[in-house]
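Scroll down for the structure; my scribbles are underneath it.
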Amino acid sequence: MEKNQLIKNNGIIYRILAIEEESVLMIDCIRKTMPDWHDMGEVSRYEDCTEEELLEVTGTVLMEEENLSSKARKIAHERFTVVAGILHFLADDRFRTKAIRKVAEEKGISIQTVRTYLCQYLAFQDISVLVPKKRCVPDKELTKDEKNFRWALNKFYFTRHKNSLKTAYTYMLKEKYCNGEGILFPECPSFNQFRYFYSKYKTRRNVIISRNGIKDYQRNYRPLLGERVQEFASNVGVGMIDATICDIYLVDDAGNLVGRPVLTILTDAYSNGFVMGYSLTWEGGTYSLRDLMLNVIDDKVEWCKKFGIIIKKEQWASDKLPGVIVSDMGSEYQSMTFSQITELGVTLINLPPLRPELKSIVERSFQLLQDSVKPFLMDHGYVDKDAGERLAPDYRKNACLTMEDYEKVIIHAILFNNNQRIVENYPYTEEMTEAKVQPYPGSIFEWGKNQQGCNLITVSKKELIMTLLPRTDARFARQGLIVFGLRYDCKEKNFTEEYLAGGDAIAAYNPESADKVYLQQKNGFIEFHLIESRFMGKSFEEIKKIQSVQRSIIEDAIPNNLQGRVDLASHVERIVEGKEKSRNVNVKGVRETKKRAKEERHKDFIEEVQDGEPDRTDA
């Protein structure tokens with residue numbers, strides 16, 4: 001007789017759990033009751049039993065642990081953890097009972113549940129027996145009325161028309177419970193029955209999606225269970241970029257209303273809102289992004305000095321690009337021009353649609369920047385939440401700040417945000433606590449720059465400009481490098497072989513000036529200068545208009561050109577008409593013949609001048 005041995009008697013299968021002198025501790029594997037001590041002499045007469053017989057009798061199927069699903073494995077181990085501490089007290093009923101009661105209190109489950117888990121494990125000695133059994137609940141057949149309820153809800157309630165339950169119920173009665181003359185049947189379900197069926201089978205997700213649409217659900221209702229920015233920002237160097245229309249109307253220097261500017265900012269996610277750079281323009285797009293990136297790497301002390309704001313370098317210590325830039329699916333962020341920034345080593349991450357919480361840091365920064373100055377701009381063109389509503393004031397009439405004025409305001413707001421705004425509930429690490437890092441975005445950013453994993457990229461201004469310039473196809477020809485139909489030449493390097501061989505190339509250009517283009521090569525960009533001086537100082541758009549007008553003039557002249565060709569052919573034909581080719585032309589003495597012809601022609605010309613005819617050269 002051995003421990004864990006299976007024995008049977010009178011159809012009952014037992015498992016031996018412990019042996020002490022003349023007693024044996026056993027558990028009934030069929031009824032799964034708590035283990036009891038039995039007399040050794042009596043038990044010795046029981047028959048042996050196999051594990052297969054036990055499984056067959058109990059109808060149990062045990063699986064290898066590696067074949068269990070992750071969820072089943074998790075539940076099995078959680079249940080085994082409940083009983084693991086009790087196994088040491090099986091032999092003593094008193095200590096076993098106390099251990100069961102203590103575990104039940106700690107885990108927040110009933111004592112009977114603990115007993116059930118314990119007996120199941122002891123009977124089979126396999127952790128997979130603790131996996132919950134699948135329950136097969138047969139689908140209940142719907143009644144005729146319930147089928148009508150389901151039909152009416154799908155057709156009249158779960159739709160974009162947003163009908164009420166009462167309206168859907170009314171439509172159902174009209175369609176399903178009326179005779180041909182529209183008279184209700186005596187027996188028809190009540191509205192309470194209809195409402196009960198709805199409450200029993202509806203789900204909030206289906207209601208929202210069917211009545212408001214999937215976009216509204218994704219934007220306003222979808223559960224936000226992720227780690228948000230922590231998924232991206234484990235160190236300094238993860239920038240989040242976005243643009244918004246500012247809540248203020250601005251005027252020009254003459255006091256004329258211009259409109260609302262666009263603010264584009266790049267914030268560091270790790271520091272929870274440190275503004276690395278900004279761009280304030282009249283419109284968004286590629287140009288605002290270029291200005292933003294230039295501002296990010298600019299010397300902020302010199303930049304603020306342009307607006308009469310004197311700061312110290314540590315107040316805005318940001319002059320490098322983040323190694324990762326996170327943006328939404330805006331067209332400007334997905335454009336080929338902006339994506340060229342990856343050539344500098346920057347990784348671009350475009351978030352999926354309708355997921356603003358993944359870049360909540362930059363979204364929150366806009367609100368913080370504008371709310372911090374709102375009280376001081378309310379009577380100066382600031383646009384409040386009631387804009388456009390009935391009886392709301394016309395905020396345009398209060399506009400008095402210029403773009404330069406508002407840019408100064410934005411700079412001061414950014415300085416406050418970076419250096420004096422307290423970041424609440426920031427997940428401080430032990431190292432940050434020891435270093436006594438102040439709870440400001442600027443302090444957190446400065447501390448993070450010195451930590452392992454900081455991902456900032458040093459880029460020169462010229463290199464960044466060259467990288468962000470738009471590019472187009474170019475080609476080499478004998479006339480030079482052809483870009484948009486214009487001819488260019490390089491003064492620093494000889495490209496004779498390329499001009500003669502021809503071939504395609506890629507050139508970067510500044511849309512605002514056609515004076516120069518930049519040939520892209522593996523080791524950088526080479527500057528080419530415009531050959532055609534008549535286009536110097538003009539933008540590509542202006543040149544395009546000039547070329548368009550020139551083509552229009554040429555196209556208008558084509559009919560006249562064709563008519564001239566026809567007329568020329570007619571005149572020549574009339575002149576040669578009747579003239580036959582001489583077959584016996586004297587080809588000898590050509591020099592003398594030509595000399596006589598010249599003397600006669602010269603003589604005729606002198607006589608015409610002497611007779612008062614106008615000089616042919618003057619004509």
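The values are calculated or read from the model by the stated rules, or taken from the named source; none is laboratory data. None of these values were measured; they are calculated from a predicted model. Backbone-built Cβ (ideal geometry, glycine too); neighbour counts: all protein chains shown. The area values use the complete protein model at the heavy-atom level, side chains included, leaving out ligands, DNA and RNA. Shrake-Rupley method; radii C 1.70, N 1.55, O 1.52, S 1.80 Å.
Scan region 342-360 residue by residue and report those that are outside any helix (DSSP H, G or I) and modelled with pLDDT under 80. It would help to see each step written out before you state the result.
First, pick out the residues of region 342-360 that are outside any helix (DSSP H, G or I): 345-355.
Result: ASN350, LEU351, PRO352, PRO353, LEU354, ARG355.
Would you mention how many residues in region 478-531 are more than 22 Å from LYS545 (Cβ to Cβ), in a loop (DSSP other than H, G, I, E, B) and open to solvent by 60 Å² or more (accessible area, probe 1.4 Å)?
Here the count works out to 8.
Count, please, the residues in region 539-580 that happen to be open to solvent by less than 70 Å² (accessible area, probe 1.4 Å) and closer than 30 Å to ASP515 by Cα. Full working, then the answer.
Quick first cut of region 539-580, residues open to solvent by less than 70 Å² (accessible area, probe 1.4 Å) only: 539-540, 543, 546-548, 552, 557, 564, 567, 569-570.
With the extra rule that they be closer than 30 Å to ASP515 by Cα, the set shrinks to 539-540, 543, 546-548, 552.
Number of matching residues: 7.
Of all residues in region 260-292, which are outside any strand (DSSP E or B), within 28 Å of VAL437 (Cβ to Cβ) and not polar (S, T, N, Q)? I'd like the intermediate steps shown before the answer.
Restricting attention to region 260-292, the residues satisfying the condition of being outside any strand (DSSP E or B) are 260-261, 269-273, 282-292.
Adding the requirement that they be within 28 Å of VAL437 (Cβ to Cβ) leaves 269-273, 292.
Those that are outside any strand (DSSP E or B), within 28 Å of VAL437 (Cβ to Cβ) and not polar (S, T, N, Q): ALA269, TYR270, GLY273, LEU292.
Please state which of the following conditions GLY259 fails to meet, knowing it meets all the rest: (1) of a type outside the set (A, V, I, L, M); (2) more than 27 Å from ASN419 (Cα to Cα); (3) open to solvent by less than 60 Å² (accessible area, probe 1.4 Å); (4) in contact with a Ser or Thr (Cβ under 9 Å, 6 or more places away or on another chain).
Result: GLY259 fails condition (4) only.
Only residues in region 256-269 that are in contact (Cβ under 8 Å) with a residue 60 or more places away in the chain and under 12 Å from MET403 (Cβ atoms) count as the first member; pair them with residues that are outside any strand (DSSP E or B) and open to solvent by less than 10 Å² (accessible area, probe 1.4 Å), Cβ under 8 angstrom, at least 6 apart or cross-chain, and list the lot.
These pairs meet every condition: ARG260/CYS246; PRO261/CYS246; PRO261/TYR406; LEU263/CYS246; LEU263/LEU369; LEU263/ILE410.
Out of VAL296, VAL275, VAL301, which single residue is touching a Gly at 6+ places or on another chain (Cβ under 6 Å) and at negative phi? Lay out the reasoning, then the answer.
Working: VAL275 fails: touching a Gly at 6+ places or on another chain (Cβ under 6 Å); VAL301 fails: touching a Gly at 6+ places or on another chain (Cβ under 6 Å).
Going through VAL296, VAL275, VAL301 in turn, the sole match is VAL296.
Tell me, which residue of region 96-141 that is within 24 Å of TYR14 (Cα to Cα) and hydroxyl-bearing (Ser, Thr, Tyr) is least open to solvent (accessible area, probe 1.4 Å)? Let's see the steps before the verdict.
So in region 96-141, the residues within 24 Å of TYR14 (Cα to Cα) come out as 96-97, 99-100, 111-133.
With the extra rule that they be hydroxyl-bearing (Ser, Thr, Tyr), the set shrinks to 97, 113, 116-117, 121, 128.
On the way: THR97: 53, THR113: 43, THR116: 58, TYR117: 38, TYR121: 36, SER128: 11 Å².
This residue is SER128.
Identify, by number, the condition in (1) within 30 Å of ARG478 (Cα to Cα); (2) at pLDDT below 90; (3) among the basic types (Lys, Arg) that LYS516 doesn't meet.
For LYS516, the exception is condition (2).
Is it the case that some residue within region 283-303 is among the hydroxyl-bearing types (Ser, Thr, Tyr), out of contact with any Leu (no Cβ under 8 Å at 6 or more places or on another chain) and under 16 Å from GLY239 (Cα atoms)?
no
Name the single residue that is farthest from PHE338 (Cα to Cα) among those in region 283-312 being at pLDDT 90 or above and either in contact with a His (Cβ under 6 Å, 6 or more places away or on another chain) or among the aromatic types (Phe, Trp, Tyr) (or both).
PHE307
Rundown of residues vs (1) surrounded by 14 or more Cβ atoms within 10 Å (Cβ to Cβ); (2) among the hydroxyl-bearing types (Ser, Thr, Tyr); (3) in contact with a Ser or Thr (Cβ under 7 Å, 6 or more places away or on another chain), yes/no style:
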{"site": "TYR46", "(1), (2), (3)": "yes, yes, no"}
{"site": "THR50", "(1), (2), (3)": "no, yes, no"}
{"site": "LEU68", "(1), (2), (3)": "yes, no, yes"}
{"site": "ILE75", "(1), (2), (3)": "yes, no, no"}
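Restricting attention to region 447-476, which residues are among the small types (Gly, Ala, Ser) and either loosely packed, with under 14 Cβ neighbours inside 10 Å or within 14 Å of MET293 (Cβ to Cβ) (or both)?
Going through region 447-476, the residues among the small types (Gly, Ala, Ser) turn out to be 448, 453, 460, 474.
Across region 447-476, the qualifying residues are GLY453, SER460.
Provide a single number: the residues in region 33-44 that are open to solvent by 50 Å² or more (accessible area, probe 1.4 Å) and touching a residue at least 40 places away in the same chain (Cβ under 8 Å). Lay out the reasoning, then the answer.
First pass over region 33-44, keeping only residues open to solvent by 50 Å² or more (accessible area, probe 1.4 Å): 33, 36-39, 42, 44.
When the remaining residues are screened for being touching a residue at least 40 places away in the same chain (Cβ under 8 Å), the result is 33, 44.
Final tally of qualifying residues: 2.
Inside region 1-16, can you point out the residues that are surrounded by fewer than 20 Cβ atoms within 10 Å (Cβ to Cβ), without any contact (Cβ under 8 Å) to a residue 40 or more places away in the chain and part of a strand (DSSP E or B)?
If the condition is that a residue be surrounded by fewer than 20 Cβ atoms within 10 Å (Cβ to Cβ), without any contact (Cβ under 8 Å) to a residue 40 or more places away in the chain and part of a strand (DSSP E or B), then ASN9, ILE12 are the ones that fit.
Within region 17-32, can you find the residues that are open to solvent by 60 Å² or more (accessible area, probe 1.4 Å) and within 60 Å of the chain's Cα centre (by Cα)?
So in region 17-32, the residues open to solvent by 60 Å² or more (accessible area, probe 1.4 Å) come out as 19-22, 30-32.
Matches in region 17-32: ILE30, ARG31, LYS32.
Please verify whether LEU54 is surrounded by 13 or more Cβ atoms within 10 Å (Cβ to Cβ) and out of contact with any helix residue (DSSP H, G or I) (no Cβ under 6 Å at 6 or more places or on another chain), treating the condition exactly as stated. Explain how you work it out, then say what you get.
Numbers: surrounded by 13 or more Cβ atoms within 10 Å (Cβ to Cβ): yes; out of contact with any helix residue (DSSP H, G or I) (no Cβ under 6 Å at 6 or more places or on another chain): yes.
Judged against the criteria, LEU54 is a match.
Among the candidates ALA72, ALA123, single out the residue that is at pLDDT below 90, in contact with a strand residue (DSSP E or B) (Cβ under 8 Å, 6 or more places away or on another chain) and part of a helix (DSSP H, G or I).
Details: ALA72 fails: in contact with a strand residue (DSSP E or B) (Cβ under 8 Å, 6 or more places away or on another chain).
Answer to the check: ALA123.
Looking at (1) in contact (Cβ under 8 Å) with a residue 24 or more places away in the chain; (2) open to solvent by 10 Å² or more (accessible area, probe 1.4 Å), find the lone condition where ILE310 falls short.
So ILE310 meets the others, but not (1).
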